[in-house]
Amino acid sequence: MTRLFNAPEAFADEALEGFVAAHRRWVRPVSGGVVRAVPTEPGQVAVVIGGGSGHYPAFSGLVGPGLAHGAAVGNVFASPSARQVRTVAQSVHAGGGVVLMYGNYAGDVLHFGQAAQQLTAEGVETRTVAVTDDISSASADERDKRRGIAGDLPVFKAAAAAAEQGRSLDEVVLAARHAGERTRSFGIAFGGCTLPGADGPLFTVAEGRMAVGLGIHGEPGIGEQDVPTADEAAELLVSTLLAELPEGVAQPRGERAAVILNGLGTVKYEELFVVYRRVAQLLAEAGVEAVEPEVGELVTSFDMAGISLTLCWLDEDLEALWTAGADTPAYRKGAVAAQAAPADGDASAPAGDASAPAIPAATEESRATAATAVAALTA
């Protein structure tokens, strides 16, 4: 359960304030979320990601060179408003257009879509990309209805790396959608999370049982079964994902894939490594080469006890985008171009930006809706 908080309705704002205070080398606050500490290069496509709080390092932890230019951050498990998304996008737009990226949830689809319309009306060329990697949430014939979970990372990464290369807005969107089409995830959970101020978890699973295929907010999965051993869990995850290959991948053997074994909050690193040991064996047996695998907490759900496996089937271009350097508070790899750090003594803004607030002050809009969002999720 979430033990350390003040007023539950202030949790998301206060968490973001602390995040900024701890990571001023990478980010500065703006109304609605955070943006890179260093302004977007003129003419570069700006990648804005976002969603509800409670999933760190998604989404604020993925802002920095090689990944997102900004993140719009909503209340606990609640989409940021269209105004929040628009404000973050306006803060990072540098003439190359904006790509808004998010998991495929109703609130996010609505609000990011509204923001895109408003930005376009203001003369900011804007596109949207929803991530739909969770294979348990809809059939292969209805992929556009699937949820976005830990597959957010390779899709966000593809778009951001393409933008860093100087590709056009249309080319960045094409890279993101291509990554999305080739990304699949599947998860299991042993217990639900408890939100700040809630009396109990969002869902429970009987002792000795696990939920199969549920979402990161506790959305229903496809069933329950007995809790497996670590090896059995790995076999379930790998076999399920290998059973649905994307278009262009005829068989696993000979393919290369970005692999993410994601902990949802309570299953910790040593346990994940035990599972990944068997995941790596199974992929090798199937003839799949894992490319720069990630094992850790990439998209969480407070203290949910669960894990998910993601495969992004790479081609030459996607592999180059996946392996490109990134430097963010929560995700770093390779090398990126040197970035100018914020001025000494300035806790939030890059040099010369005296207008940026020292801390992300809560908006009336966010505070007004926070209590409602928490109450709805914990009812």
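Give me the compactness ratio for the stretch 183-316, meaning the Cα radius of gyration over 2.2 N^0.38 Å.
Relative to the 2.2 N^0.38 Å estimate, the stretch 183-316 comes out at 1.06.
Lysines within cross-link reach of LYS333: Cα-Cα under 19 Å, excluding same-chain residues under 8 positions apart?
In chain and number order, the partners are LYS157.
Amide H neighbours of GLY52 under 5 Å, counting only residues 5+ apart in sequence or on other chains, H built in-plane at 1.01 Å?
Close amide H contacts, sequence-distant or interchain: GLY74, ALA78.
Computed over the Cα atoms of the chain, what is the ratio Rg over Rh, Rh following Kirkwood?
Here Rg/Rh amounts to 0.95.
What ranking of PHE5, PHE11 emerges when the number of other C-beta atoms within 10 Å of each C-beta is taken as an exposure proxy, fewest first?
PHE5, PHE11
Report the far tail of the P(r) of the stretch 161-239, meaning the percent of Cα-Cα pairs longer than 20 Å.
Here the long-distance tail beyond 20 Å is 53 percent of all Cα pairs in the stretch 161-239.
Compute the relative contact order of the stretch 82-208 as a whole-number percentage, counting only Cα pairs closer than 8 Å that sit 6 or more residues apart in sequence.
Computed value for the stretch 82-208: 20 percent relative contact order.
Take every Cα pair under 8 Å in the chain that's 6+ residues apart, average their separations, divide by the length, and report that relative contact order as a whole percent.
22
With springs only between Cα atoms under 10 Å, which of GLY51, GLY325, GLY180 fluctuates most in a Gaussian network model of the chain?
With Cα springs under 10 Å in the chain, the top fluctuation among GLY51, GLY325, GLY180 is at GLY325.
Would you pull out the residues with amide H under 5 Å of VAL34's amide H, same chain only if 5 or more places away, H placed 1.01 Å from N?
For VAL34, whose amide H was placed from the backbone, the distant partners under 5 Å are ALA71, VAL73.
Quick one: of the DSSP bridges fully inside the chain, what percent are antiparallel, nearest 5?
Percentage antiparallel, nearest 5: 55.
If you average the sequence gap of Cα pairs under 8 Å that are 6 or more apart and divide by the length of the stretch 1-80, what percent do you get for the contact order?
Rounded, it is 29 percent for the stretch 1-80.
No lab work stands behind these numbers, since they all come straight from the coordinates. Predicted model, so just to flag it, every value in this text is computed and none were measured. No Cβ is skipped: glycine too gets one built from the backbone with ideal geometry, and neighbour counts run over all protein chains shown.
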